[in-house]
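Just below is one structure, and these are the notes that go with it.
What follows is calculated from the coordinates using simple rules that are stated; it is not laboratory data. Just so you know, these numbers come straight off a predicted model, no measurement behind them. A quick note on method: Cβ atoms are made from the backbone with ideal geometry, for glycine too, and the neighbour counts reach across all protein chains shown.
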Amino acid sequence: MELKKLGEKTYVLLNPVNVGIYLLNDFEVCVIDSGSSKDYGKEISKVIEENNWHLKYIINTHSHADHISGNAYLQNKYHCRIFASKVESYFINAPILESALMYGAKPIDNLCNSFLMAKPSCCEDINNISIEGLEIVDLSGHSFGLIGVLTSDNVLFVGDAYTSPKILEKYQIQYTYDVANFIKTLDFLEQTNYKFYVPSHGDIESDITHTIKANKDNILNIEAKIEQLLLKYHSYNEMLNELFKYYHIRETVEQYYIVGTTIKSIITKLVEEDKISLSVKDATLWIEKK
Ligand SMILES: [Zn+2]
């Protein structure tokens, strides 16, 4: 893991899941997200030891397993306090909620593997503390209550508020809990002007115009494709089948639920915009354009 300095007190551990480190004082640090496995926890700990730091806090941008899976190891070792937005803290304390949200009932084993469900850790509401040098920014949309962390060095850690265009190209349909809010957050970020933006998955950039556009185009194109399909198909299952074929989505149980979340969120957006109506026909969700 390469430790890169982004400002007087701000560092990032470059990884498939980038991890932020902020110096609270001469020796105490706050870590931003803890990676996708216990090994991330061990690597973060190694860097902390090498620099004679002490881990005081972890802030999780959100509760997805690839951002919190180092939590349990680090909390056990350093007894650090962990914070997230109030709603995300529920999921971090009880990660089965993540899988249950996706499945809509007691989840099947496929949705409870380590990629989708982390070990529980004790997490508190970030609103109950103020940490000098750090500001919390609401970036919800990708998940219920995703937050960004802005450091005194003018560096914004954005979690999964957006992702790299390369990853978008590869996976086409990203998990999105609330598409309308996701777009609102992208519009907000477009108006900001920080020194560096650090996404969890992707490159550190100073100018995010191109990346924001790629993320917005991606989700708006999926929405447009759904509207186009609805001219011909009305059953949810048929429409989903066409989307899987069009975007070359792997037909696995996991993808069915991950991609299904984004599609259902787009359906919610279209209902809210009064563009479609829903009913049930032949035991499938029936979608009609208005
Ligand atoms: Zn995420």
Value of relative contact order over the chain, rounded to a whole percent, pairs C-alpha under 8 Å and six or more apart: 13
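Want the number for N76 to D274: 0.36 nm per residue separation, take away the alpha-carbon distance, what's left?
Taking 0.36 nm per residue and subtracting the Cα distance, the gain is 66.3 nm.
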Expressed as an acute angle from 0 to 90° and rounded to the nearest 10, what is the orientation of the C-alpha long axis of helix 38-50 relative to the principal long axis of the chain? 30
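May I ask you to derive the relative contact order of region 221-289, considering only C-alpha pairs under 8 Å and at least 6 residues apart, and to give it as an integer percent? Could you put the intermediate results ahead of the total?
On the way: 48 pairs, mean separation 27.2, N = 69.
It rounds to 39 percent for region 221-289.
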By how many degrees, between 0 and 90 and to the nearest 10, does the Cα long axis of helix 179-190 differ from the longest principal axis of the chain? 50
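Sum up the charges of everything whose Cβ sits under 9 Å from the Cβ of S152, counting Lys and Arg as +1 and Asp and Glu as -1, but leave S152 out. Don't skip to the end; give the middle numbers.
Values: positive: K9; negative: E8, E132, E135, D153.
Surrounding charge for S152 is -3.
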Listed residue pairs exceeding 21 Å between alpha carbons, taken from K119/K184; K216/K289; K9/K184; K170/K213; K166/K289; K38/K119: K119/K184; K216/K289; K9/K184; K166/K289
L285 long-range amide H proximity, modeled H, under 5 Å: Y236, N237
Set of region 210-234 residues, backbone N closer than 17 Å to the point 7 Å along the Cα-Cβ line of E242: 221-234
How high is the FRET efficiency from D282 to N93, r the C-beta distance, R0 45 Å, rounded to 0.05? 0.65
Could you work out the helix-only [θ] at 222 nm for the chain, with each DSSP H run of four or more residues adding -39,500 (n - 2.57) and the total divided by the number of residues, to the nearest 500 deg cm²/dmol? -12000 deg cm²/dmol
Which FRET efficiency value, to the nearest 0.05, do you get for L3 and N221 by plugging their Cβ-Cβ distance into 1/(1 + (r/R0)^6) with R0 = 30 Å? 0.20
Using a simple spin-label model with points 7 Å from Cα along the Cα→Cβ vector, what separation in nm is obtained for D26 and N193? 3.8
Could you calculate the contour length gain from I108 to H54, that is, 0.36 nm times the residue separation minus the distance between their Cα atoms, to one decimal place in nm? 15.6 nm
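Run the numbers for K170 and I129: contour at 0.36 nm per residue of separation, minus the present Cα-Cα distance, in nm. Could the numbers behind the result be given before it?
Working: separation 41, 0.36 × 41 = 14.76 nm, distance 3.87 nm.
Full extension of this stretch gives 10.9 nm more.
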